[in-house]
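The values are calculated or read from the model by the stated rules, or taken from the named source; none is laboratory data. Since the structure is predicted, the reported quantities are computational estimates derived from the model, not experimental observations. Note that each Cβ is placed from the backbone with ideal geometry, even for glycine, and that neighbours are counted across all protein chains shown. Only protein heavy atoms, including side chains, enter the accessible area calculation; ligands, DNA and RNA are left aside. Shrake-Rupley method; radii C 1.70, N 1.55, O 1.52, S 1.80 Å.
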Amino acid sequence: MPQQKRQVAKITNTKELNTGKYFQREGFEPNFLLNPEGKRLSRARIVATVVDRFINDDETYGSITLDDGNDTTQVKFFNELELTEGFEEGDIIEVVGKVREYQGQIYLDGEILTHTQPEAELLHQLRYKKQQEEWKQIHETVKQLKETVKTRKKSTRKWPAN
């Protein structure tokens, strides 16, 4: 059996996470979020401000709510609450996590959390914007290539003789 590789954490924002459609896969095929432009996200990387932190009484579940100026999303933790320590409301953090869904809500299953500076949030937004522009360019190129192929197929059809 081939070795399972870790999915790449793609730069995204809360709006993209909240507007995508989640697909759950069986076996070793990774679950993913399909955004409106057709990009798949299995693992995500966002930079945002902590607006809420919660840990249940049993200390078996915790969450951090993030706001990046576009929307909000939650990073959830199950039995790994030590990952939430040291983060308070107002902190700007970078998060890498698996994209998950529960009862229709998209969230990140937190893997890596680090404090960062306000400049990192701006840099993240610029990287995201650049990535979106590149994605649109690729999408447009593919669309043009499909049209070219359709046109060539129509012009090379052989019509039966009467």
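Observations
- Of the GluC sites (Glu not before Pro) in the range 1-82, the ones in a loop by DSSP (not H, G, I, E or B) with at most 10 other beta carbons within 10 Å are Glu26, Glu59.
- The charge dipole of the chain, taken about the Cα centre with unit charges on the Cβ atoms of Lys, Arg (+1) and Asp, Glu (-1), comes to about 2360 debye, rounded to the nearest 20.
- The gain in end-to-end length when the Asp52 to Phe28 segment is fully stretched comes to 5.3 nm, 0.36 nm per residue minus the alpha carbon separation.
- The chain: C-alpha gyration tensor shape, a/c 1.5 cut-off, then a/b vs b/c: prolate
- Taking every DSSP helix (H) stretch of at least 4 residues in the chain, weighting each as -39,500 (n - 2.57) and dividing the sum by the residue count yields a mean residue ellipticity at 222 nm of -9500 deg cm²/dmol.
- Sorted on the mean count of surrounding Cβ atoms within 10 Å across their residues, most packed first, peptides 65-73, 142-150 read 65-73, 142-150.
- In this structure the amide hydrogen of Asp68, modeled in the peptide plane, comes within under 5 Å of the amide hydrogens of Thr14, Thr49, none closer than 5 places in sequence on its chain.
- Arg40-Glu88 FRET efficiency (beta carbon distance; Förster radius 25 Å; 0.05 resolution): 0.15
- Shape of the range 4-63, Cα gyration tensor, a/c cut at 1.5: oblate
- Extension gain from Arg100 to Asn18, taking 0.36 nm per residue of separation minus the Cα-Cα distance: 28.4 nm
- Violating pairs (Cα-Cα greater than 21 angstrom) within the set Lys76/Lys136; Lys39/Lys130; Lys39/Lys146; Lys76/Lys98; Lys15/Lys143; Lys15/Lys39: Lys76/Lys136; Lys15/Lys143
- In the range 26-89, chymotrypsin sites (Phe, Trp or Tyr not before Pro) in a DSSP loop with at most 11 other beta-carbon atoms within 10 Å: Phe28
- Here's the picture: charge each Lys and Arg Cβ at +1 and each Asp and Glu Cβ at -1 in the chain, and of Leu113, Leu34, Val50 the one pushed furthest to the positive end of that dipole is Leu34.
- Around Gly62: net Lys/Arg minus Asp/Glu count, Cβ-Cβ under 9 Å: 0
- Phi to ³J(HN,Hα) by Karplus 6.51 cos²θ - 1.76 cosθ + 1.60 over the range 35-40, Hz, x for Gly, Pro: 7, x, 8, x, 8, 9
- Rounded tilt (10° steps) of 118-155 against the dominant C-alpha axis of the chain: 20 degrees
- Looking at the chain, the accessible area is 69 square angstrom per residue; that uses a 1.4 Å probe and ignores ligands, DNA and RNA.
- Rounded FRET efficiency, nearest 0.05, which uses the C-beta distance separating Gln125 from Thr60 and R0 of 45 Å: 0.85
- Normalised contact order of the chain, rounded percent, pairs of Cα under 8 Å and 6 or more residues apart: 19 percent
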